[in-house]
Amino acid sequence: ILARTRQFDAAQAARLRHYEARAAISIHYRVALLNASVDILTENRVFVRGSQQDYVETAMYVNGAIWRGKKPPYLPFLQPEKIKELPLEISLDESYRYGLIGRDRVGERDCYLLSMTPGDSGRSLDDGRIWIDARTFARVRMDLRQTNLQEPLRSNHLVYGYGPVPAEGGDLSLPIEAGGEMVFEVLGQNLMVERRATCSEFLTS
């Protein structure tokens, strides 16, 4: 199954040099001890080429109101630019061990469900599950938790959702949504950051 998925990824990489998309990114920031929270929504264009990504922010809303300041709003201990960008796609390489859990469905798609665990316990990698389309061998969903975290990060959970994106020569499988929760401990306080990104209006080349 992994061999077929790697073949799919390699074939797609050969025909996809670059893509860009509209990305709506929401951040819910909560300081548990202070019972205080902030909701930030940014509208962006995201540009991805290989392993590189860049964002151009076009609008920001704070607690539902448009932000007109020249600088991002102040958040205790953290800044929005430190947490806004979501990680790029995880490479399914030999850094991990894989196991077949069984079959599952994601929406209307029949999938193989695989486990994924770090092969090197000393590195900060990801541990979780992968859903692979049983017909095309494209990724459909990934549910991951980062291992070997460094302070002040206490936990980092991320879920990717993939979907077909129309393109010349046939559909591409690209991340259309991603989200999860990060927990930091700073000065004895838990800072919870929930993130969600939704991509649309893709342009590919």
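At a glance:
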read-out: Amide proton proximity set for LEU92, modelled H, under 5 Å, gap of 5+; value: none
read-out: Acute angle (nearest 10 degrees) that the helix 2-15 long axis makes with the longest principal axis of the chain, alpha-carbon atoms; value: 70 degrees
read-out: For the stretch 79-188: relative contact order, % (alpha-carbon pairs under 8 angstrom, 6 or more apart); value: 17 percent
read-out: Between the stretch 127-205 and the stretch 13-72, the Cα center-to-center distance that results, in Å; value: 14 Å
read-out: Förster radius 25 Å - calculated FRET efficiency between LYS70 and ARG45, Cβ distance, rounded to 0.05; value: 0.80
read-out: Global form of the stretch 99-165, assessed from the alpha-carbon gyration tensor, a/c cut-off 1.5; value: prolate
read-out: Per residue accessible area of the chain, 1.4 Å probe, in Å²; value: 56 Å²
read-out: Stretchable slack from ARG4 to ILE101, in nm (0.36 nm times residue separation minus alpha-carbon distance); value: 33.2 nm
read-out: Theoretical ellipticity at 222 nm over the chain - DSSP helices of four or more residues, -39500 (n - 2.57) apiece, nearest 500; value: -2500 deg cm²/dmol
read-out: For the chain: relative contact order, % (alpha-carbon pairs under 8 angstrom, 6 or more apart); value: 22 percent
read-out: Candidates SER173, SER155, SER51, ranked by Gaussian network fluctuation over the chain, Cα under 10 Å, top entry; value: SER51
read-out: With every protein chain in place, the chain: carbon and sulfur % of accessible area (1.4 Å); value: 50 percent
read-out: Residues whose placed amide H lies under 5 Å from that of ALA167, excluding near-sequence neighbours; value: LEU172
read-out: Cleavage-rule hits (GluC sites (Glu not before Pro)) in the stretch 155-193: DSSP loop, at most 12 neighbouring Cβ within 10 angstrom; value: GLU168
read-out: Extension gain, ARG154 back to ARG15 (0.36 nm per residue minus Cα-Cα distance, nm); value: 46.2 nm
read-out: Derived scalar couplings ³J(HN,Hα) [the stretch 64-70; Karplus, 6.51 cos²θ - 1.76 cosθ + 1.60; whole Hz; x for Gly, Pro]; value: x, 10, 5, 8, 10, x, 7
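The values are calculated or read from the model by the stated rules, or taken from the named source; none is laboratory data. Nothing here was measured: the structure is a model prediction, and the numbers come from that model. FYI the Cβ positions are ideal-geometry reconstructions off the backbone, even for glycines, and counts take in every protein chain you see. In case anyone asks, the SASA skips ligands and DNA or RNA and just uses the protein heavy atoms, side chains included. Shrake-Rupley method; radii C 1.70, N 1.55, O 1.52, S 1.80 Å.
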